[in-house]
Amino acid sequence: MNKESKTKLRRHINRREFIKLGGSALAVLGSSVSCKSVSAAKQSRKLKPKNILLIITDQQHIDTIAAGGCRHVRTPALDRLKSRGVSFTESYSTNPVCSPARSSIFTGRTSSETGVHVNNLPIRSDIPNLGQWFSQETKYETVYAGKWHIPRSFTNDIPGFKVINTGIGGFGYLCDTVTSRACEGYLRNRSQSSPAPPKGWSRRGWARPFLMVASFLQPHDICEWLRLNTKDPVQLRYKELAGELPELPDNFQFDRNEPEMVKRTRQARDAAQGNWSKQQWRYYLWSYYRHIEFVDAEIGRVLQALEDFGYAKNTLVLLTADHGEGTGHHQMVRKNTLYDESAKVPLIFSWPGHVAEDRTDTTHLVSGLDIMPTLCDYAGIKSPKNMRGWSLRSILEGTALSWGRTVVTEVSSNRGRMVRTPRYKYITYKDDLVEQLFDMRDDGGETKNLATSSKYASTLTEHRRMLRDWESRLDVAPNVPNAESWGRKG
Amino acid sequence: MAKKKKRTVVGSPLTPGLLRELGAIREFVFASEDFKPGGNWVNTYRIWTCHGYRESGNYNVGFVRIERAASKSKEEFMLIVQQQVVQVDGILNVIDAQMICLNDQLASPIEWHLSSRFANPDGRAVSELGTEETVLIKGNVMSVKAGGRSFKQKVAGRPSCDWCLFEAVQRLKFDKKSSLAFDILEGLSLLKEGQHLSYRGVYPMKIGGKEARLHRFDQIGEGVLPYEYWLDDNHRLLAAISMHKAYILDERAEKAIRQRTEQVRKSYERIRSARRKKS
């Protein structure tokens, strides 16, 4: 961290007490209905997990877990994690692009606030990341393995974290395997059965709780796969796969009344350039699922080390992804759109005996913004100021009394917005008259755009208003373009 | 503002011919007739990776050296493996494995010692990340000793291993009718079920203007992108390609990776000192 950042961060921390006096961040910034179960008095009595493990995958579609109903994969590790915790089906990325989404996961702020509106930008220096915050506010040792991408994808220098492996770009086997081995080594060596800490490590440090981030690259290598398979080969390269290729999704065909940006995103994709046959689309799906199985095995190695070396009972495990993957829905591949296949991400929490087990939460709308406040809540510390998300602890422990909220997702260098309410999804882009409105209860595949129907005029107006309200509360970073589109000056 | 260089996508799956086009190899070194897959040999493979563009992003990132030592007993042999992979900023992971394998079709490992070591960007070993384990498979029980603890785990049948398959394919007949079904322990640790290995045939091709005949085996299964093993007429494995990653037989691989590690570490040092100056 440079000197300027340090000064800003210090200033920020000193102001926290002042913010506290002014009322909780939730009351100020939450939507019209607040989460009643979260209160400071309750927090102080809550148990803390000794350790926290945050697992991040890259480009994982939400429906890629066998135990969650995906028929095309075998995912024993993800199944096990899911069966031991709470998994959310209405979980959204804050911005379905790597760096922006990660900036939110690690700060609890929107990507327009962190300044990371596109890939390869750093987080604004006056906003602390999870590692910096935990290093200052807790005794957790903060360690990081794998992809970072804010701004460098892979780096030995991550503010607030001790990096145990950097990873390498685009090569899952060589990146994720080394990442999971580094995590395994760390867990094995610091386990209680070790007679003494290794040379150079103090006994006190060795016994400290840890916050470990295991950030895997897969299934992102599907991007490399796409570049190696743009040309439709006509015949399947492996003919025995013909009988086991997954079917195309139901919304492969859809309403083409879309904003220009969405059309352009589709046209720029490798699949469109290759003019694929249905068979090639299905082969792409088959290949994507193998990437999922690959990362499942690496996650399994880390979870197994937690089990084998005595951490499982004392560790809160959280798994999420930065964004989803097109998987042929709306004839899309990759990410960067606001359709569910790209915008939704897996979100699973597990802590045996504390977080409800084997529960699939289909009702609460949650997002990457909730991760920072949730982890702070579990660590027994205050969140940094201006959190835009909420702690999910009350949901995870089954004590939430009410949860009225909307989720907003940004995209395309601050040009696009999605507002998700319990029933509807509203999508709008800067300078584009075409808006989208989907009834998510009756049309979960987002195939019929209701925005032009007079029947839904008031719903549309209401969603526009919600977006304006949300935007009015944000503290947009000066470097972010298109801020004026959302009624703000950048 | 400098214009971004235009990049063209490769567009098609990697093949030996494409490896040469993309600069991953100059030529394959074919084995002489006295190469004995079931004897003593050392094969070193450079690990080359492709981002999917022709012009950039394609690197050597590691090597795997596999040494086969025949035993007096015809039922078993030994494989000694070292794999080194260079991560960004010069973190190095070194895996060493000594395995006793059955002399069956899939070189099933039955006993092994495996260590994983890390070195940080300045080249020093990171002791708190290293692991070692000793494993014995007897019947359908796998006994593991690791980190001062012992575990037992059930295994169905005799799993193979990714490194063992590099040995096994060299002993298999070029027979289109046979197909093997098995599980693997990838890196001698991660179980991946439902693997199938089949011989596809002989592929005459021109590599660098020279005529060549290469034989291909394919491996398809859970948790892996298909592997294509390319062998010469004398059954020596010249390359294994799995999607965007190629293991290329290359005697100079270790030297190439040492150079690459140095290069990456120097570049990291430059980044670091620039950052120090800035702050």
Is one or more of the residues making up the stretch B:50-61 free of Cβ contacts under 8 Å to residues at least 40 places away in the same chain, within 21 Å of B:ILE207 (Cα to Cα) and polar (S, T, N, Q)? yes
Please indicate, with yes or no, whether at least one residue in the stretch B:116-130 is surrounded by fewer than 16 Cβ atoms within 10 Å (Cβ to Cβ), away from chain A (no Cβ under 14 Å) and not β-branched (Val, Ile, Thr). no
Output for Cβ contacts, cut-off 6 Å, separation at least six or different chains, first residue on the phi > 0 side of the Ramachandran plot in the stretch A:445-458, second modelled with pLDDT of 95 or more, reads A:GLU446/A:TYR339; A:GLU446/A:PHE438
Filtering the stretch B:84-108 down to residues that are polar (S, T, N, Q) and touching a residue at least 24 places away in the same chain (Cβ under 8 Å), which residue is farthest from the other protein chains (Cβ to nearest Cβ)? B:ASN103
Can you name every residue in the stretch A:147-159 that is touching a strand residue (DSSP E or B) at 6+ places or on another chain (Cβ under 6 Å) and either more than 7 Å from chain B (Cβ to nearest Cβ) or surrounded by 24 or more Cβ atoms within 10 Å (Cβ to Cβ) (or both)? A:LYS147, A:ILE158
From the options B:VAL29, B:VAL42, B:VAL61, residue that is within 14 Å of chain A (Cβ to nearest Cβ) and of a type in the set (Val, Ile, Thr): B:VAL61
Taking the stretch B:177-202 and keeping only residues that are more than 11 Å from chain A (Cβ to nearest Cβ), modelled with pLDDT of 95 or more and farther than 23 Å from B:MET99 by Cβ, one is left with B:TYR199, B:GLY201, B:VAL202
Find the residue count for the stretch B:267-278, including only residues that are surrounded by 11 or more Cβ atoms within 10 Å (Cβ to Cβ) and not aromatic (Phe, Trp, Tyr). 5
Elements of type strands (runs of 3 or more DSSP E) in the stretch B:132-223, at least 2 residues being under 22 Å from the mean Cα position of the chain (by Cα): B:179-186, B:190-207, B:210-220
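Here's the yes/no breakdown for (1) of a type in the set (Val, Ile, Thr); (2) over 28 Å from A:ARG417 (Cβ atoms):
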{"site": "A:ILE348", "(1), (2)": "yes, no"}
{"site": "A:ASP358", "(1), (2)": "no, yes"}
{"site": "A:TYR378", "(1), (2)": "no, yes"}
{"site": "A:ILE381", "(1), (2)": "yes, yes"}
{"site": "A:GLY398", "(1), (2)": "no, yes"}
Given the residues A:ASN229, A:ASN251, which is the only one that is under 24 Å from A:VAL73 (Cα atoms), in a loop (DSSP other than H, G, I, E, B) and touching an Asp or Glu at 6+ places or on another chain (Cβ under 8 Å)? A:ASN229
Could we say that A:VAL262 is within 14 Å of chain B (Cβ to nearest Cβ) and either surrounded by 21 or more Cβ atoms within 10 Å (Cβ to Cβ) or in a helix (DSSP H, G or I) (or both) here? no
Within the stretch A:316-330, does at least one residue satisfy the condition of being modelled with pLDDT of 95 or more and part of a helix (DSSP H, G or I)? yes
Determine which single condition B:ARG265 fails, assuming it passes every other condition in (1) under 30 Å from B:HIS196 (Cβ atoms); (2) touching a residue at least 24 places away in the same chain (Cβ under 8 Å); (3) within 14 Å of another protein chain (Cβ to nearest Cβ). (1)
Which of the residues that make up the stretch A:210-241 are more than 23 Å from B:HIS196 (Cβ to Cβ) and either within 11 Å of chain B (Cβ to nearest Cβ) or touching a helix residue (DSSP H, G or I) at 6+ places or on another chain (Cβ under 6 Å) (or both)? A:LEU211, A:ALA214, A:PHE216, A:LEU217, A:CYS223, A:GLU224, A:LEU226, A:ARG227, A:THR230, A:LYS231, A:ASP232
Evaluate the stretch A:460-472: report whether one residue or more is in contact with a helix residue (DSSP H, G or I) (Cβ under 6 Å, 6 or more places away or on another chain) and not charged (D, E, K, R). no
When the residues of the stretch A:275-317 are filtered to those that are among the hydroxyl-bearing types (Ser, Thr, Tyr) and more than 15 Å from A:THR327 (Cα to Cα), which remaining residue is farthest from the chain's Cα centre (by Cα)? A:TYR311
A:SER125 - would you say it is at pLDDT below 95 and within 12 Å of chain B (Cβ to nearest Cβ)? no
Restricting the stretch B:221-262 to residues that are under 20 Å from B:TYR59 (Cβ atoms) and β-branched (Val, Ile, Thr), the one nearest to the other protein chains (Cβ to nearest Cβ) turns out to be B:ILE241
From A:GLN267, A:GLN273, grab the single residue that is surrounded by fewer than 23 Cβ atoms within 10 Å (Cβ to Cβ) and either within 9 Å of another protein chain (Cβ to nearest Cβ) or not in a helix (DSSP H, G or I) (or both). A:GLN273
Just one of (1) surrounded by fewer than 24 Cβ atoms within 10 Å (Cβ to Cβ); (2) at pLDDT 90 or above; (3) under 21 Å from B:VAL85 (Cα atoms) trips up A:LEU174, so point out which. (2)
So in the stretch B:27-67, with the set limited to residues that are among the hydroxyl-bearing types (Ser, Thr, Tyr) and not in a loop (DSSP other than H, G, I, E, B), which one is surrounded by the fewest Cβ atoms within 10 Å (Cβ to Cβ)? B:TYR53
List pairs: first in the stretch A:286-304 and more than 7 Å from every other protein chain (Cβ to nearest Cβ) and touching a residue at least 12 places away in the same chain (Cβ under 8 Å), second of a type in the set (Val, Ile, Thr) and in a helix (DSSP H, G or I), Cβ under 9 Å, 6+ apart or cross-chain? A:TYR288/A:ILE222; A:HIS291/A:ILE222; A:GLU298/A:THR177; A:GLU298/A:THR179; A:VAL302/A:THR179
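The values are calculated or read from the model by the stated rules, or taken from the named source; none is laboratory data. In this text, all values refer to a predicted model and were calculated from it rather than measured experimentally. Note that each Cβ is placed from the backbone with ideal geometry, even for glycine, and that neighbours are counted across all protein chains shown.
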